[in-house]
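Inspection log for the structure reproduced underneath, given as structure tokens.
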Amino acid sequence: MLTIEEAMQETTRPSVRTIEDLRGPEGRLEALLNTGAPDAKYAVLVCHPHPLGGGTMHNKVVYHAMKAFQGFGLPVLRFNFRGTGLSEGEHDHGQGEQDDVRAALDWLDNEFGLPILFAGFSFGSYVGLHVCCGDARVKGLVALGLPVHAAGRDYRYDFLSGCEQPKLFVSGTRDQYGPTLQVESAVAGAVSPKELVWIEGADHFFAGKLDRVQDAIRNWCEAHFLTSAFQ
């Protein structure tokens, strides 16, 4: 969860909008939009970790990822998966949540008509990658804390062999849900372009090292998108 200071900044900053019209198959999805510059060339979607572990759009990793993208003047949409927070519906173990991601992509497309960048943390990365890989509207993908085995759940990434968008994977060397060798194996099966950044000593939640996560996102954005987009 956010610190008290971060939560106060988020609720008082005028550049944050509560979104009332984002609806998935199960009903309204609670969402926030951090607005961007008028000349932004991309819009961004960020997805949160597993709801059964307390994951919401206010998660610290999600928040800091949003800040990295917003630093480039990009509008960033975050939302709560079905059954989380004020979002309607019930948790569906990663299946129905994929439809929630599609609804969020549709909302961003209708609102801005811009190419989209995606980022997800843990469960959010797994669900979002499934949906965004191959979606022509999504030009780049960021997976933070890619989960391999967590709370009795196994995650497979065979589908990444056909995912041709630029991909950034950021994991900690002490990630309890994504051991080094297993994450490297999953990334090895992904088609290029791809980049794997290890945060030395970081656990799954990047405790004390979120600045390193932001640096990785910024460097990747500049390398693949922002130089040409903002010339």
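If you check 86, 77 for being hydrophobic (A, V, I, L, M, F, W, C) and either within 18 Å of residue 170 (Cβ to Cβ) or within 17 Å of the chain's Cα centre (by Cα) (or both), only one passes: 77. Flag: residue 125 does not match the condition of being assigned to a helix (DSSP H, G or I), surrounded by fewer than 24 Cβ atoms within 10 Å (Cβ to Cβ) and among the small types (Gly, Ala, Ser). Residue 186 is checked against (1) surrounded by fewer than 20 Cβ atoms within 10 Å (Cβ to Cβ); (2) more than 20 Å from residue 59 (Cβ to Cβ); (3) among the small types (Gly, Ala, Ser) and fails just one. What number does that condition carry? If we test residue 186 against (1) surrounded by fewer than 20 Cβ atoms within 10 Å (Cβ to Cβ); (2) more than 20 Å from residue 59 (Cβ to Cβ); (3) among the small types (Gly, Ala, Ser), just (1) comes out false. Scanning the stretch 98-129 for residues that are closer than 21 Å to residue 18 by Cβ and of a type in the set (S, T, N, Q) gives a single hit, 110. When residue 181 is tested against (1) in a helix (DSSP H, G or I); (2) touching a strand residue (DSSP E or B) at 6+ places or on another chain (Cβ under 9 Å); (3) of a type in the set (A, V, I, L, M), exactly one condition is not met: (2). What do you reckon, is residue 187 in a helix (DSSP H, G or I), under 23 Å from residue 49 (Cβ atoms) and either of a type in the set (Lys, Arg) or in contact with a Lys or Arg (Cβ under 8 Å, 6 or more places away or on another chain) (or both)? In short, yes.
Identify the single condition in (1) touching a strand residue (DSSP E or B) at 6+ places or on another chain (Cβ under 9 Å); (2) more than 24 Å from residue 166 (Cβ to Cβ) that residue 48 does not satisfy, given that it satisfies every other one. With (1) touching a strand residue (DSSP E or B) at 6+ places or on another chain (Cβ under 9 Å); (2) more than 24 Å from residue 166 (Cβ to Cβ) applied to residue 48, the lone miss is (2). Scanning the stretch 50-65 for residues that are surrounded by fewer than 23 Cβ atoms within 10 Å (Cβ to Cβ) and hydrophobic (A, V, I, L, M, F, W, C) turns up just one, 52.
In the condition set (1) touching a Phe, Trp or Tyr at 6+ places or on another chain (Cβ under 9 Å); (2) hydroxyl-bearing (Ser, Thr, Tyr); (3) not in a strand (DSSP E or B), residue 171 is compliant with all but (3). Of all residues in the stretch 132-141, at least one satisfies being out of contact with any strand residue (DSSP E or B) (no Cβ under 6 Å at 6 or more places or on another chain) and of a type in the set (Lys, Arg). Condition test on residue 136, is it part of a loop (DSSP other than H, G, I, E, B), more than 16 Å from residue 76 (Cβ to Cβ) and either at pLDDT 95 or above or of a type in the set (Ser, Thr, Tyr) (or both)? So residue 136 fits the description; yes.
Quick one: residue 13 ticks every box in (1) among the basic types (Lys, Arg); (2) surrounded by fewer than 23 Cβ atoms within 10 Å (Cβ to Cβ); (3) at pLDDT 95 or above bar one, so which box is it? Going through (1) among the basic types (Lys, Arg); (2) surrounded by fewer than 23 Cβ atoms within 10 Å (Cβ to Cβ); (3) at pLDDT 95 or above one by one, residue 13 breaks only (3).
The values are calculated or read from the model by the stated rules, or taken from the named source; none is laboratory data. Small disclaimer: the values here were computed from a predicted structure and weren't measured. A quick note on method: Cβ atoms are made from the backbone with ideal geometry, for glycine too, and the neighbour counts reach across all protein chains shown.
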